[in-house]
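Before any comments, here is the structure.
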Amino acid sequence: MARKLPPLNSLRAFEAAARHLSFTRAADELFVTQAAISHQVKGLEDYLGHSLFKRLPRNLTLTNQGAALMPVLADAFDDMANAVISLKHEKTGSVLNVRLAPYFAAKWLSPRLEEFWRLYPKIDLRLFHSHKAVDFEREDIDLAITYGRGDWKGVQSTPIIKLNFFPVASPMWLANNGPLIKPEQLLDVTLLHDADPNAWNDWLRQVGVKGINNKRGTTIDDTNVLIQAAIDGQGVALGATPFVEDHLASGRLVAVFDQVLITDYVYYVVCPKNNLQRPDVKAFKEWLLAQV
């Protein structure tokens, strides 16, 4: 029996507008004009005999009918997209686009990737490095490894690594500037900061040190460069065990104090829930969790 459906373009326009609660953002996503989105949605409303949006002066909200229709269409479009991707991958193999922080990639992921390629030779990884959170709706990223509190909306986040921070410096620096016996001595040394301006402040507060300008020193937003600066004797940095343990073992760095800063920031595997229906995304996520 033939399915009685309104034009597909009107359904796509409504689903995008409902997801963004914006005709403008829906138009950007579908590469059409805002007027085209408005026209398609109005045509769908006429077809159904119901208003799907409450058009307020400064925002857009769904009516009860729109709220009921939106998740049904979202699931249907997700299913179609995943089916097309799966069929395409059966012939060409899978390409998985992953966004991750540079230091995590260099120190934790890279040494383990050979095993993944051995287990999944048909999955080609495309790794993109950035500290910024991913906008999965606008960027061609399938899965991300992101540092934060796991409170991102519209995605599924699973914790993989919790970081505990402590001050580290090179033996050369300590020979020239040390020894450091008490945290209060940091008043007179160069602190190396990463992109998080609060890390040193939190560590100093935890050990009860006051009167130190924790913003004084050098800020380096790439942790690879930050740790190398500490190795080169440029000052004292905060290191985390998974990322500096090889430097500690080799003697390139030394833990200056025993006190450890425990934070609620964690590395998470993050992706839209529907992406996990793809075998390649699911395989990579499960492999990551197995490594931990």
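The values are calculated or read from the model by the stated rules, or taken from the named source; none is laboratory data. In this text, all values refer to a predicted model and were calculated from it rather than measured experimentally. Reconstructed Cβ throughout: ideal geometry from the backbone, glycine too, with neighbour counts over all protein chains shown.
Is the range 3-23 home to any residue that is exposed (fewer than 12 other Cβ atoms within 10 Å of the Cβ) and assigned to a helix (DSSP H, G or I)? Yes, the range 3-23 contains a residue that is exposed (fewer than 12 other Cβ atoms within 10 Å of the Cβ) and assigned to a helix (DSSP H, G or I). Just one of the numbered conditions (1) surrounded by 12 or more Cβ atoms within 10 Å (Cβ to Cβ); (2) farther than 29 Å from I220 by Cα is not true of P121: (1). Looking across the range 147-158, just one residue is in contact with a strand residue (DSSP E or B) (Cβ under 7 Å, 6 or more places away or on another chain) and loosely packed, with under 13 Cβ neighbours inside 10 Å, and that is R149.
Considering the range 131-166, and only residues there that are in a strand (DSSP E or B) and touching a Pro at 6+ places or on another chain (Cβ under 8 Å), the residue that is farthest from A81 (Cα to Cα) turns out to be L163. Condition check for V72 on (1) within 28 Å of the chain's Cα centre (by Cα); (2) surrounded by 12 or more Cβ atoms within 10 Å (Cβ to Cβ): one failure, at (2). Please determine whether any residue of the range 100-114 is under 23 Å from K273 (Cβ atoms), outside any helix (DSSP H, G or I) and not assigned by TED's automatic domain parsing to the domain that holds A16. Yes. Does the range 105-121 contain any residue that is over 25 Å from I262 (Cβ atoms), at pLDDT 90 or above and of a type in the set (S, T, Y)? Yes: one or more hits. Taking the residues in the range 249-283 that are in a loop (DSSP other than H, G, I, E, B) and of a type in the set (A, V, I, L, M, F, W, C) as candidates, determine which candidate is farthest from G208 (Cα to Cα). Applying the filter and picking the extreme gives L253. Candidates are the residues of the range 26-42 that are under 29 Å from the mean Cα position of the chain (by Cα) and assigned to a helix (DSSP H, G or I); the one that is farthest from L8 (Cα to Cα) is D28.
Among the residues making up the range 27-40, a single one is under 20 Å from D79 (Cβ atoms) and of a type outside the set (D, E): L30. Per the listing T218, T158, the residue uniquely at pLDDT below 90 and among the hydroxyl-bearing types (S, T, Y) is T218. Among all residues of the range 219-240, there is none that is of a type in the set (S, T, Y) and touching a Pro at 6+ places or on another chain (Cβ under 6 Å). Residues in the range 43-59 that are surrounded by fewer than 16 Cβ atoms within 10 Å (Cβ to Cβ), touching a residue at least 12 places away in the same chain (Cβ under 8 Å) and either part of a strand (DSSP E or B) or among the hydrophobic types (A, V, I, L, M, F, W, C) (or both): L48 alone.
The numbered conditions (1) among the acidic types (D, E); (2) under 30 Å from V95 (Cβ atoms); (3) in contact (Cβ under 8 Å) with a residue 12 or more places away in the chain are all true for D135 except (3).
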